[in-house]
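Written out below as structure tokens is the structure these notes cover.
What follows is calculated from the coordinates using simple rules that are stated; it is not laboratory data. Keep in mind the model is a prediction, meaning the values are calculated, not measured. Cβ sites come from the backbone with ideal geometry, for glycine too, and all protein chains shown count toward neighbours.
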Amino acid sequence: MTQLSVGYVPLLDAAPLIIAQELGFAAEEGLDLDLRAAPSWSSVRDMLNFGAVDAAHMLSPVPIAASLGLGGHAVPMSAVSVLSANGTVIGVTNALAEKMRGAGYTFDFNDAAVAGRALIAASATPLRIGVPFPFSMHSELLIYWLNALGLPAPQNVDIKTVPPSLMGKAMRMGEIDAFCVGEPWGSLAVEQGLGTLLLAGASIWSFSPEKVLAMRSDWAEVNPALRNQLIRAVVRAGRWLSEPASLTVASEILARPSYLNVPADILDRGLTGQFVISPQGERRSQSSFVIFHGGATQYPWTSQAEWIALQLARRTGLDREQSQSAASSVFRGDLFRDALAGSGMDVPLEARKVEGGFAAPQDVDSGFGRLSLLPNQFFDRRIFNPNTSE
Amino acid sequence: MLKHLSIIVVEQDTQRAHSIVDALRDIGLENIKVIQDPTGLARQVKAYNPDVVLIDVSNPSRDSLEELTIASDPMSRPVAMFVDTDTDGLAKAAIEAGVSAYVVDGLSAGRLRPVLDAAIARFNMFGRLRNELEQSKRALEDRKVIDRAKGLLMKARGVDEDAAYGLLRRAAMDQGRKVADVAHSLVTAADLLS
């Protein structure tokens, strides 16, 4: 057994790492994972930077931001696998929810365009929204969504960084009107009577890379065997998590005090996509709320990295072409493919794909020719073609 | 000229905050502000516009400071986590001690060094105190559970306290476990059976 230390933030989507250790997927690969919970994303990043951990559960834009020189110092990081797609939820204060209901909005938890227009119409300017980190899919989805609906973001909104554990307090103190967080924090805000859930991130983009398995690029280079073992362990853990029959066991394990320390029935909501959206107990569902496996979910696409880089470049004024080029070597589909060679699992052959544009599964070139991608659509039907990006 | 350096210390615990402020005063700093309520931390920091922000690594609100690393307008001084200008592992030592420093762009490492040295020394002391506290708490809990296990054995086997402890110790030696762990198993089993 080789011991590997891995940093994570206690969130529902840390599941592939926790399950890999608890259900023996890591042990099958000869790994004993020393999982180290971190109090913040900057802390996980530092742990990885300074070598306190070998790998980490990371917000997908963090390694991209580092490659663009944004957000202070960071050593080059590689995303060797996507740990999960989707999994964020947007909520509003109960006062704002009441105002939106008063204007006829029904909280269908589905249509991003209708929800966004209702939110923009009901909110005082500027709308203040809490996100867990400046470089996060949470920020990217919010900015994309509001811009597409005609509210210039981030210029005309106030996007604030608020730790998930303090999101409820920030609402109570009148610091924010809305939030975008990962589970279980959205459901906990509802449970504490502090907010009403408006939309899942998946309603804005039905297939967004949310968390990645990150390593220091030099570490990944000199430890190919360990790198491959860890990738296979989390891929198998993700596959197990994608079985509906696994979810009860998964939520029981994640609920433990040493991991998320949150009641299992709260975790079930995110895992199954069956939500209680308001303190009044209204129920809504989102079938692709969080995705761990299937349709090459765990394959880190270069086109995903480039999409993120271009969004970051746009709002920080960086050169678009240079940013896209810098980000293109951060998501390492090639390393992922190496790790799964001989495992019997099918992996895409290309590094890039068009992001968005299909509402039904779509076939893709793969090693065994039997892989199809999950629906991938932006709510405004735009597409991102990495080869012809303007 | 340390006395012109302005510093914010983000620390919720009053006693710890005082202690850090004292340590910074000792090295000649005069302009020190403590933020105890991290609500709207980025806004609070921006309003004060300090040269250095010191914050406990375990404070989740640290992430709020990361947004200050992106200059939002030409007038604002971007803040950087103190790593870029680091030459001798000072930043790593700070993180390991449990304090992270954010500094405004352009502040030289030479001016920051004494500040961080003082903060690191203070945080290391807190780390030791915290460890000692945890150890003594643990020892107290162990003693409580051993006392309960002894009581159970005295009742069930009709032996005195010394003999009960002897039984526990022998079982621990046989199984290669700690006396407290054996006592814990016994107490848990007894709770289930009763």
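Scanning region A:79-96 for residues that are buried (at least 24 other Cβ atoms within 10 Å of the Cβ) and of a type outside the set (V, I, T) gives A:A79, A:S81, A:L83, A:S84, A:A85, A:N86, A:G87, A:G91. Just so you know, in region A:22-44 the residues that are in a helix (DSSP H, G or I) and more than 9 Å from every other protein chain (Cβ to nearest Cβ) include one that is nearest to the chain's Cα centre (by Cα), and it is A:V44. In the set (1) more than 22 Å from A:A65 (Cβ to Cβ); (2) part of a strand (DSSP E or B); (3) out of contact with any Phe, Trp or Tyr (no Cβ under 7 Å at 6 or more places or on another chain), A:I176 fails one condition alone, (2).
Being β-branched (V, I, T) and in contact with a His (Cβ under 7 Å, 6 or more places away or on another chain) is not true of B:V159.
The residue of region A:348-390 that is nearest to A:D319 (Cα to Cα), among those that are among the polar types (S, T, N, Q) and part of a loop (DSSP other than H, G, I, E, B), is A:S389. Residue count for region B:94-122 under the criterion of being surrounded by 16 or more Cβ atoms within 10 Å (Cβ to Cβ) and in a helix (DSSP H, G or I): the result is 12. Considering only region A:45-59, state which residues are in contact with a helix residue (DSSP H, G or I) (Cβ under 7 Å, 6 or more places away or on another chain) and either within 12 Å of chain B (Cβ to nearest Cβ) or not in a strand (DSSP E or B) (or both). Within region A:45-59, A:R45, A:D46, A:F50, A:V53, A:D54, A:L59 meet the criteria. The condition (being β-branched (V, I, T) and in a strand (DSSP E or B)) is satisfied by just one residue among A:V114, A:V80, A:V62: A:V80. What pairs come out if I take residues in region B:40-68 that are over 21 Å from A:D177 (Cα atoms) and pair them with residues that are aromatic (F, W, Y) whose C-beta lies under 6 Å away, six or more apart or interchain? As it stands, the answer is B:V53/B:Y102, since those pairs meet every condition given. Assess whether A:I143 counts as being of a type in the set (V, I, T), assigned to a helix (DSSP H, G or I) and in contact with a Pro (Cβ under 9 Å, 6 or more places away or on another chain). Answer is yes for this residue.
Residues of region B:13-64 being part of a strand (DSSP E or B) and away from chain A (no Cβ under 12 Å), which ones? If you could, list the steps in order and put the result at the bottom.
Residues of region B:13-64 that are part of a strand (DSSP E or B), as a first pass: B:31-35, B:52-56.
Passing the criteria: B:N31, B:I32, B:K33, B:V34, B:I35, B:V52, B:V53, B:L54.
Contact annotation: residue pairs with Cβ atoms under 7 Å, 6 or more positions apart or on different chains, pairing a residue in region B:1-30 that is farther than 20 Å from B:R130 by Cα with a partner that is of a type in the set (S, T, Y), are B:I8/B:Y48.
Comparison of A:L199, A:L226 shows that the only residue that is at negative phi and buried (at least 24 other Cβ atoms within 10 Å of the Cβ) is A:L199.
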